[in-house]
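Enquirer: Here's a structure for you.
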Amino acid sequence: MDNVAMAECLTLEFGPFETVHRWQRMPECDEFVGARSSLYCIIHRRSKHTVVAYKDAIYVFGGDNGKRMLDDLLRFDVKEKSWGRAFATGTPPAPRYHHSAVVHDSSMFVFGGYTGDIHSNSNLTNKNDLFEYRFQTGQWTEWKFIGKTPVARSAHGAAVYDNKLWIFAGYDGNARLNDMWTISLLPGEPRVWEEVVQSGDCPPTCCNFPVAVARECMFVFSGQSGAKITNSLFQFHFQEKRWTRISTEHILRGAPPPPARRYGHTMVSFDRHLYVFGGAADSTLPNDLHCYDLDTQTWNIILPSADSQVPSGRLFHAAAVIGEAMFIFGGTVDNNVRSGETYRFQFSSYPKCTLHDDFGRLLNGRLFCDVEFIVGDTEAKIPAHIAIVAARSQFLRTRIRQAREKRDSHLEEVFGTVDVPIKDMPLLEVRLTDAVPEAFEMVLNYIYTDRIDPTRRSEDGLNNRAEDPLSNRIVLLMMDVYRLALQFNMKRLEQLCVQYLKATISNANVLKALHNAASLNLYFIKEFCLSFIVKEINYNQIVMSKEFETLDQPLMVEIIRKRQMPQRGVFLKHCDLITGSTLEEDMEAFLKSVGREFCDITLMLDGVPIPAHKAILAARCGYFEGMFRSFMPENNTVNVQIGEMVPSSESFDSLLRYIYYADVSMPPEDSLYLFTAPVFYGFTNNRLQAFCKQNLEMNVTFENVIQILEAADRMQAVDMKKYALNLIVHHFPKVARLPRLKQLSRELLLDILEALADERSEARTCQDMANDC
């Protein structure tokens, strides 16, 4: 989608609006009006049920209330916030729990589950039946099949894709499963089940797990798998019928870990995210909401808004998405109590932050480079950008400063001045003679993106397949990266390297790692390798290996002595918590103070000069990239505007904060100035515009409405100006006492007086009409 199209799809609306990331408790369904207009008090607390969404309602079917299985169908209207029994005719499925339910077109399909009398423990059995409930008529119908059917099961996963129902895994009464079946849901199609031949890295046999569909794939997270239980996220590609385990442990980026392994949880898909809530995680019932970003492949915990009513931890609840909200219902809470609670969670759907991607693209594109690192014995030439490198490492900042002083001295000697045309300026050179080029390139990638994938091969090579993160070459390479992190004083990268090495050093590579750590004088890694070797479970296998026979004698002696006198607890806590500065934090400091000596362009805002950095502007803004590609402005000066409008100095400060470190916090009046900035400056997406939109829609109050009025008038934003005048009129006793009112222009004061007059005239007309009646 181009920028113009993105701008057109975001228009301002005015409240009331839901606060993002807000949990809200809905009315419980303990009682409602039943048949014959009599009030029936019916207990609807349950777990192991299903919830589906259709139009503006969620439908709850089955489950158990702790005493018996249920077969009722309940409906919650999300607009009216009211419960009722869904209209139904025909024969419903037998009472059951741990079944599945999905929606296709205007029908709900219920498959399998566990039936019988749990109170008397009789007639308990798994099912493989399929029922269709038509929302428009309320008709229940049981499907009849031709040929082979899936084995009866419960606690399985179900999804709809390509007009088909897909059933995966579950429990058949004797064992957990991991088979998959599919059947067409289209009218007129043969009702024939087909067993799916799965390929790839299939999840282990499992039950009590959720599934979610996104981007032509089905996702499975955790579940009950016995000894093989995992907190891995698995992805099934429907078209290829292939599984992959989404593995990101080898990527160094300081992101939060995945949720703990669990079962009985829920997972739903919204926008580019998967949301996991609840479940039983190692005998606890957590109530954190975990979010997986499909674009960045990172997990995060969503912090609820300050006014949230957060649900308690639970398992065997159910969840569904309507609009931009998730609804969860029921479940088993503490002390095995069944819940009848309903909660609503308001999603956020902001476009992703592209700061890391934008800087990474700048590095890979090699445009606007103004420094060249001469690395290692081979003197490999690696181009980069002074602004970003200087922002991230004090050591490299000092080396750049020294190289610049040396170049200036050379220019003074040759030209008699340092003020020479850019075309005559030699590229700045910084020598790093003791660095390994490949390791330095990985550090450079971290400097620009805050992450490293040591297994990624260069895409311009003949072989761009990822390497094994446990291979000796990668482990040794990461030790070189660790050494550079120490030298460059990059604490966060240092800690990430240690975490990686601790996770990847094994019996097969530890002796090689020990030798390398000793030769590079990496004391901590050396001590970790020694401690690893002398562990009871590792020692015999390692010392009996062929590699041990060729180990340097001094290291053999250290191993033997370490074995005799082991030191305990030295490494347990080292680097468990990631500290040090992030890319955003470093770029913030660079904009506010550190980067002033490295500015190479001047932005003129209404005659006021603002120093800035070409590389950062070009990385983040297509407008500046195009300008710097085609011509360099005279005197390195650019006049700043947004379309035909010159923004306020405060709003331009907000814009620079977004450009440099993706900050979106600003007062509403700045958001009004910057609402069209993403279009004019050519940002990668409309994330800034989306935040400006929300800020304006939710945070305009009588306290800041004067500033909004001024900005709207300056921008000729007619709708916003009208909204601001209307707000002033309705809160005029409070607005009139604001000091800012006295600073308004004569024209705007007249606009306020006219709006007040119109309001009084309208009120008088209404009163006269009332008197006439």
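The values are calculated or read from the model by the stated rules, or taken from the named source; none is laboratory data. Not measured: the values here are computed from a predicted model. Neighbour counts run over all protein chains shown; Cβ positions are idealised from the backbone, glycine included.
Enquirer: If you check Asp358, Asp334, Asp408, which single one turns out to be in contact with a helix residue (DSSP H, G or I) (Cβ under 6 Å, 6 or more places away or on another chain) and among the charged types (D, E, K, R)?
Expert: Criteria check complete, one pass: Asp358.
Per-residue answers, yes or no, for (1) in contact with a His (Cβ under 8 Å, 6 or more places away or on another chain); (2) within 25 Å of Ala212 (Cα to Cα):
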{"position": "His99", "(1), (2)": "no, yes"}
{"position": "Val102", "(1), (2)": "no, yes"}
{"position": "Asp105", "(1), (2)": "no, yes"}
{"position": "Val110", "(1), (2)": "yes, yes"}
{"position": "Gly113", "(1), (2)": "yes, yes"}
{"position": "Asp117", "(1), (2)": "no, no"}
{"position": "Ser122", "(1), (2)": "no, no"}
{"position": "Phe131", "(1), (2)": "no, yes"}
{"position": "Gly138", "(1), (2)": "no, no"}
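Enquirer: Still on this structure, I have one more. If we keep just the residues of the range 379-415 that are over 21 Å from Glu584 (Cβ atoms) and among the hydroxyl-bearing types (Ser, Thr, Tyr), which is modelled with the lowest pLDDT?
Expert: To start, the set of residues in the range 379-415 that are over 21 Å from Glu584 (Cβ atoms) comprises 379-383, 398-415.
Now drop any that are not among the hydroxyl-bearing types (Ser, Thr, Tyr), which leaves 398, 409.
Working: Thr398: 97, Ser409: 87.
Residue satisfying both the conditions and the ranking: Ser409.
Enquirer: So, one more: Residues that are buried (at least 19 other Cβ atoms within 10 Å of the Cβ), within 37 Å of the chain's Cα centre (by Cα) and on the phi > 0 side of the Ramachandran plot: which helices (runs of 4 or more DSSP H) entirely in the range 494-563 hold 1 or more of them? Before the answer, list the steps.
Expert: Numbers: elements: 510-519, 523-533, 536-543, 546-549.
Output list is empty.
Enquirer: Between Ser283, Ser339, Ser269, which is more than 28 Å from Leu73 (Cα to Cα), assigned by TED's automatic domain parsing to the domain that holds Glu216 and polar (S, T, N, Q)?
Expert: On the way: Ser339 fails: more than 28 Å from Leu73 (Cα to Cα); Ser269 fails: more than 28 Å from Leu73 (Cα to Cα).
Of the residues listed, the single one that is more than 28 Å from Leu73 (Cα to Cα), assigned by TED's automatic domain parsing to the domain that holds Glu216 and polar (S, T, N, Q) is Ser283.
Enquirer: A further question follows. Determine whether the range 363-381 contains at least one residue that is over 23 Å from Asp453 (Cα atoms), among the hydroxyl-bearing types (Ser, Thr, Tyr) and in contact (Cβ under 8 Å) with a residue 40 or more places away in the chain.
Expert: Looking for residues that are over 23 Å from Asp453 (Cα atoms), among the hydroxyl-bearing types (Ser, Thr, Tyr) and in contact (Cβ under 8 Å) with a residue 40 or more places away in the chain, one finds at least one in the range 363-381, hence yes.
Enquirer: Determine whether the range 250-257 contains at least one residue that is assigned to a loop (DSSP other than H, G, I, E, B), touching a Pro at 6+ places or on another chain (Cβ under 6 Å), farther than 23 Å from Arg344 by Cβ and not β-branched (Val, Ile, Thr). Before the answer, list the steps.
Expert: As a first pass, look at the range 250-257 and keep what is assigned to a loop (DSSP other than H, G, I, E, B): 250-251, 253-257.
Applying the additional criterion that residues be touching a Pro at 6+ places or on another chain (Cβ under 6 Å) yields 250.
Then drop every residue that is not farther than 23 Å from Arg344 by Cβ, which leaves 250.
Then drop every residue that is not not β-branched (Val, Ile, Thr), which leaves 250.
Yes, because at least one residue in the range 250-257 is assigned to a loop (DSSP other than H, G, I, E, B), touching a Pro at 6+ places or on another chain (Cβ under 6 Å), farther than 23 Å from Arg344 by Cβ and not β-branched (Val, Ile, Thr).
Enquirer: Considering the range 643-689 alone, what residues qualify as being more than 18 Å from Arg714 (Cβ to Cβ), modelled with pLDDT of 90 or more and in contact with a Phe, Trp or Tyr (Cβ under 9 Å, 6 or more places away or on another chain)?
Expert: Hits for the range 643-689 are Tyr658, Ile659, Tyr660, Tyr661, Val664, Ser665, Tyr681, Gly682, Phe683, Arg687, Leu688.
Enquirer: So how many residues does the range 179-209 have that are touching a residue at least 12 places away in the same chain (Cβ under 8 Å), surrounded by fewer than 18 Cβ atoms within 10 Å (Cβ to Cβ) and not hydrophobic (A, V, I, L, M, F, W, C)?
Expert: Residues meeting the conditions: 10.
Enquirer: Evaluate the range 423-438: report whether one residue or more is modelled with pLDDT of 90 or more, loosely packed, with under 14 Cβ neighbours inside 10 Å and within 30 Å of Leu511 (Cβ to Cβ). Break it down stepwise before answering.
Expert: As a first pass, look at the range 423-438 and keep what is modelled with pLDDT of 90 or more: 428-438.
From what's left, loosely packed, with under 14 Cβ neighbours inside 10 Å: 429, 433-434.
With the extra rule that they be within 30 Å of Leu511 (Cβ to Cβ), the set shrinks to 433-434.
Yes: one or more hits.
Enquirer: If the requirement is being at pLDDT below 95 and within 19 Å of the chain's Cα centre (by Cα), which of these qualifies: Asn231, Asn287? Spell out the reasoning first.
Expert: Working: Asn287 fails: at pLDDT below 95.
Unique residue meeting the criteria: Asn231.
Enquirer: On to the next question. Suppose we keep only residues that are farther than 21 Å from Ala306 by Cβ and at pLDDT 95 or above within the range 324-336. Which one would you say is surrounded by the most Cβ atoms within 10 Å (Cβ to Cβ)?
Expert: Here is the first cut: in the range 324-336, the ones farther than 21 Å from Ala306 by Cβ are 327, 329-336.
Imposing the further condition that a residue be at pLDDT 95 or above reduces the set to 327, 329-333.
Details: Phe327: 21, Phe329: 27, Gly330: 25, Gly331: 32, Thr332: 24, Val333: 21.
Across the range 324-336, the extreme among qualifying residues is Gly331.
Enquirer: Does the range 268-300 hold any residues that are touching a His at 6+ places or on another chain (Cβ under 9 Å), touching a residue at least 40 places away in the same chain (Cβ under 8 Å) and outside any loop (DSSP other than H, G, I, E, B), and which are they?
Expert: Leu274, Tyr275, Val276, Phe277, Leu289, Tyr292, Asp293, Trp299, Asn300
Enquirer: Looking at Phe680, is it more than 26 Å from the chain's Cα centre (by Cα) and under 22 Å from Cys353 (Cβ atoms)?
Expert: yes
Enquirer: For the range 388-405, how many residues meet the condition of being surrounded by fewer than 13 Cβ atoms within 10 Å (Cβ to Cβ) and among the charged types (D, E, K, R)?
Expert: Of the residues in that region, 1 qualify.
Enquirer: While we're on this one: Can you tell me which residue is surrounded by the fewest Cβ atoms within 10 Å (Cβ to Cβ) among those in the range 337-359 that are touching an Asp or Glu at 6+ places or on another chain (Cβ under 7 Å) and part of a loop (DSSP other than H, G, I, E, B)?
Expert: Ser349
Enquirer: Checking Phe236 against (1) in contact with a helix residue (DSSP H, G or I) (Cβ under 9 Å, 6 or more places away or on another chain); (2) touching a residue at least 60 places away in the same chain (Cβ under 8 Å): exactly one of these is not met. Which one?
Expert: Checking Phe236 against (1) in contact with a helix residue (DSSP H, G or I) (Cβ under 9 Å, 6 or more places away or on another chain); (2) touching a residue at least 60 places away in the same chain (Cβ under 8 Å), the one that fails is (1).
Enquirer: Only residues that are assigned to a helix (DSSP H, G or I) and at pLDDT 85 or above: list them for the range 696-712, please.
Expert: Filtering the range 696-712 for residues assigned to a helix (DSSP H, G or I) gives 696-699, 705-712.
Of everything in the range 696-712, those that are assigned to a helix (DSSP H, G or I) and at pLDDT 85 or above turn out to be Val705, Ile706, Gln707, Ile708, Leu709, Glu710.
Enquirer: Right, next: Give the residue that is surrounded by the fewest Cβ atoms within 10 Å (Cβ to Cβ), with candidates limited to residues of the range 296-323 that are more than 17 Å from Arg262 (Cβ to Cβ) and of a type in the set (Gly, Ala, Ser).
Expert: Here the residue is Ala306.
Enquirer: Could you tell me which numbered condition Ile251 fails, if it satisfies all but one of (1) more than 30 Å from Glu584 (Cβ to Cβ); (2) surrounded by 15 or more Cβ atoms within 10 Å (Cβ to Cβ)?
Expert: Checking Ile251 against (1) more than 30 Å from Glu584 (Cβ to Cβ); (2) surrounded by 15 or more Cβ atoms within 10 Å (Cβ to Cβ), the one that fails is (1).
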